[in-house]
Every structure is written in C-alpha cells, then in structure tokens.
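Shown next, in structure tokens, is the structure this report addresses.
Every number in this text was worked out from the coordinates using simple rules, so none of it is lab data. These figures come from a predicted structure and were not determined experimentally. Positions of Cβ are backbone-derived with ideal geometry, glycine not excepted, and every protein chain shown enters the neighbour counts.
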Amino acid sequence: MIISFIGFKERRMAVALYDHRGQVLGWLVQNGRIINRQGRSSYWLLGNNVYDYRGAHRGWFQNGHWRGRDGGVMAFTGDASGTGVVLPVRSVTPVMPVQAVEPVRPVASVAPVRPGNQLSWSRDSFA
C-alpha cells in the first residue's frame, strides 16, 4: 500500500522525522498525524500546514521536511529534498511506539503568510 503525505510517498504506514542532530523526533503517521516518541499525538497536517492540538499554526510540511514559522528547517524525513541545509547522518530509527488514540482536532487558526525558506535550522522547537 502506498500512502501519500504532502509531496512524498512511502511504502510504510509511518515515516520517521529527524532533527538537526539526526535523532528521531517522532513519526508522521496516517491521516497526517505526527506522533512523538511516546506515541502521543503532537501535531497534525492540514494541507501543507502543521498545527498543534490547540489549533496553533506551527509551520509548513513539504518535500519531506517541516519548516518552522521562521522559515528554517525543523525536521526532515529520509526522503527530504530542497532543504537548503546539510542534513546530518540519521541515527538508527527506534521501534515506533504504540500509537495513543488521537484527540479531537481543534479548529485550525488562520495560517500566517509563509516566510521565505531559510538556509538554516529553525529556532522553533518540536516540543
């Protein structure tokens, strides 16, 4: 089965997301949900916009990478392209945890004007 996640395709049910050190932050799973290393829902995608579970806009996901509100790269997948930063060597991907039940998604805030892509890592955090 092939699942399409905004700009890239994977033959897995989940795709690991890595930080600027190459460490796994979480996974992009079905329905555009991003879970953390404990299996809890942290973020979700609406189009290419990333939202937290309070409905706050947290960035944009495209071409296998997530850009923060400052335009810098926050996280990337193994298939990321066009990041503009040197990607670190990825750590060994841990076993994905059991996924907790997804909370109800809130009403999404209006997405801000997207800044230009920065050739750096974002100052925004995944937490």
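Given +1 at the Cβ of Lys and Arg, -1 at the Cβ of Asp and Glu and no other charges, the dipole of region 57-118 around its Cα centre is 140 debye to the nearest 20.
Between R40 and V98, the distance separating the two model label sites (each 7 Å from Cα on the Cα→Cβ line) works out to 1.7 nm. Taking a Cβ cut-off of under 13 Å around V101, the surrounding Lys, Arg, Asp and Glu residues balance to a net charge of +2, with basic ones at +1 and acidic ones at -1. Simple point charges give the picture: +1 on the Cβ of Lys and Arg, -1 on the Cβ of Asp and Glu, and for the chain a dipole about the Cα centre of about 80 debye.
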